[in-house]
Amino acid sequence: MTEPVRLTLQQADALVRKVLVACDTSPDNAASVARALVAAEADGQGGHGLSRLPSYAAQSRCGKVDGHARPAVAHPTPALLRVD
């Protein structure tokens with residue numbers, strides 16, 4: 001069994017960004033995902049945190065997910081937000 005690795009939140013964020021960018025994700029998208037994964041990990045929600053990184057990276061690398069997608073946001077009505 002391997003020894004656990006301890007990272008600061010900043011180190012974890014940098015690692016997630018580096019891995020995702022290396023797997024064909026834009027830096028902006030990698031930063032957004034890193035914030036979410038690290039925040040989940042910091043909140044004790046490991047199932048929604050860093051454990052997701054290998055599958056997210058693989059999906060971007062193989063093209064299943066477009067790592068360079070830019071969401072289009074519209075406000076069709078004052079009470080509705082549409083994100084494509």
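The numbers here are math on the coordinates, done by the rules we state, and not lab data. Predicted model only: the values in this text are computed from it and were never measured. Here the Cβ positions follow ideal geometry from the backbone for every residue, glycine too, while neighbour counts run over all protein chains shown.
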Checklist entry - Over region 27-73, what is the relative contact order in whole percent, taking alpha-carbon pairs under 8 Å and six or more residues apart? => result 27
Next on the checklist: For the chain, take the longest principal axis of its alpha carbons; what is the angle in degrees between that and the long axis of helix 9-22, to the nearest 10 within 0 to 90?
Outcome noted: 70
Checklist entry - So how tilted is helix 27-42 from the main axis of the chain? Cα-based, degrees 0 to 90, rounded to 10. => result 60
Checklist entry - What does the convex hull of the Cα atoms of the chain come to per residue, in Å³, rounded to a whole number? => result 126
Checklist outcome for this item: Measuring from the longest principal axis of the C-alpha atoms of the chain, the long axis of helix 53-62 (C-alpha) lies at a number of degrees, nearest 10, equal to 60
Checklist entry - About its Cα centre, what dipole magnitude does the chain give when the only charges are +1 on Lys and Arg Cβ and -1 on Asp and Glu Cβ, stated in debye to the nearest 20? => result 100
Checklist entry - Given a cut-off of under 8 Å on Cα pairs at least six residues apart, what relative contact order in percent is computed for the chain? => result 24
